[in-house]
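J.: One structure, pasted below without further comment.
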Amino acid sequence: METLPASVDTSTKNMLPPLYYFRFDKYFDAPERDFFSFLAAQKNMQDYEALQWYNEFAHTLRNKINNHEKVKWDGVGELKKDNDGNIIFESSLGNPGFLQPVPARKVIHPDAKHVLLVGDTERTNVEMSELLLNEPEEERNKLWWVFALIIGIIGIMVILFHFSSHGWRLDAAGNQQELKVEK
């Protein structure tokens with residue numbers, strides 16, 4: 001028996017329950033020794049009798065499947081052979097009634113108080129909103145002129161470099177390429 005863990009379906013906003021199903025492995029057909037001890041305890045018999053009972057059951061099951069008969073186990077599923085000779089297992093185990101999808105809706109409490117990590121100190125959301133709302137307006141906007149001054153100085157330096165390279169004439173600011181027109 002395999003378990004598929006619970007998952008979230010974001011399209012329907014539901015939390016899906018875990019799924020339980022039987023997995024059939026056609027390559028693994030030899031059970032472990034503990035299985036025969038368990039079978040012997042359940043059937044109230046000796047271990048060697050449980051081994052013999054299992055072998056007879058498996059032989060009967062294999063013969064039915066090889067004869068293209070469907071073998072149905074109540075509450076487990078159905079074993080059958082397809083046209084290619086592969087053994088197919090169809091699980092009949094459905095989801096029990098108590099394992100149904102549950103709505104997963106976000107609950108937002110705008111006035112709820114919670115802790116935030118700011119740097120290396122913990123503060124509440126109320127403290128942070130008060131701190132940000134009570135910050136003076138002039139402190140936020142007082143450094144804009146520093147950036148404008150730096151950009152202006154860089155621009156003046158570029159213009160001075162250009163004129164020092166091409167001469168201090170007014171025509172040095174224009175296009176220096178001569179255009180020849182053929183007549």
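J.: If amide hydrogens are placed 1.01 Å from N in the peptide plane, which non-local residues have theirs closer than 5 Å to the one on GLY77?
T.: SER92
J.: Using a 7 Å offset from the Cα along the Cα-to-Cβ direction at both LEU149 and ILE108, what is the distance between the two label points in nm, to one decimal?
T.: The answer from the label model is 4.3 nm.
J.: Across 5 Å bins from 0, what is the distribution of all Cα-Cα pair distances for the chain, in whole percents?
T.: 1, 5, 6, 7, 7, 7, 6, 5, 4, 4, 4, 5, 5, 5, 4, 4, 5, 5, 4, 3, 2, 1, 0, 0
J.: Which sequence of GLU122, GLU182 reflects their accessible areas, 1.4 Å probe, from the largest down?
T.: GLU182, GLU122
J.: Kindly report the accessible area of the chain per residue (heavy atoms of protein chains, probe 1.4 Å, no ligands, DNA or RNA), in Å².
T.: On a per-residue basis, the chain sits at 88 Å².
J.: So, one more: What are the ³J(HN,Hα) values, in whole Hz, obtained from phi via the Karplus relation 6.51 cos²θ - 1.76 cosθ + 1.60 with θ = phi - 60°, for each residue of the stretch 115-126 in sequence order, with x given for Gly and Pro?
T.: Result, ordered by residue: 8, 10, 9, 10, x, 10, 10, 9, 9, 8, 5, 5 Hz.
J.: Can you count the Lys pairs in the chain with C-alpha separation below 29 Å, eight or more apart or on different chains?
T.: 19
J.: With axes computed from alpha carbons, what is the tilt in degrees of helix 144-166 against the longest principal axis of the chain, rounded to the nearest 10 within 0 to 90?
T.: Roughly 60 degrees, rounded to the nearest 10.
J.: Taking only Cα atoms and a 10 Å spring cutoff, compute GNM fluctuations for the chain and point out the largest among PRO103, PRO18, PRO31.
T.: PRO31
J.: Now for a separate question. Can you tell me how much longer the chain between LEU116 and GLU130 gets when fully stretched, taken as 0.36 nm per residue apart minus their C-alpha distance, in nm with one decimal?
T.: So the extension gain works out to 3.7 nm.
J.: Can you sort MET45, MET128, MET157, MET15 by solvent-accessible area, 1.4 Å probe, largest first?
T.: Accessible-area ranking of MET45, MET128, MET157, MET15, largest first: MET157, MET15, MET45, MET128.
J.: Under a point spin-label approximation (7 Å from Cα along Cα-to-Cβ), what is the VAL8-LEU99 distance to one decimal in nm?
T.: Those two pseudo-labels are separated by 2.1 nm.
The values are calculated or read from the model by the stated rules, or taken from the named source; none is laboratory data. Computed from a prediction, not measured in an experiment: that's the story for all the values here. All Cβ positions, glycine included, derive from the backbone under ideal geometry; neighbour counts span all protein chains shown. For the accessible areas, the whole protein counts, side chains as well, though only heavy atoms, and no ligand, DNA or RNA atoms are used. Shrake-Rupley method; radii C 1.70, N 1.55, O 1.52, S 1.80 Å.
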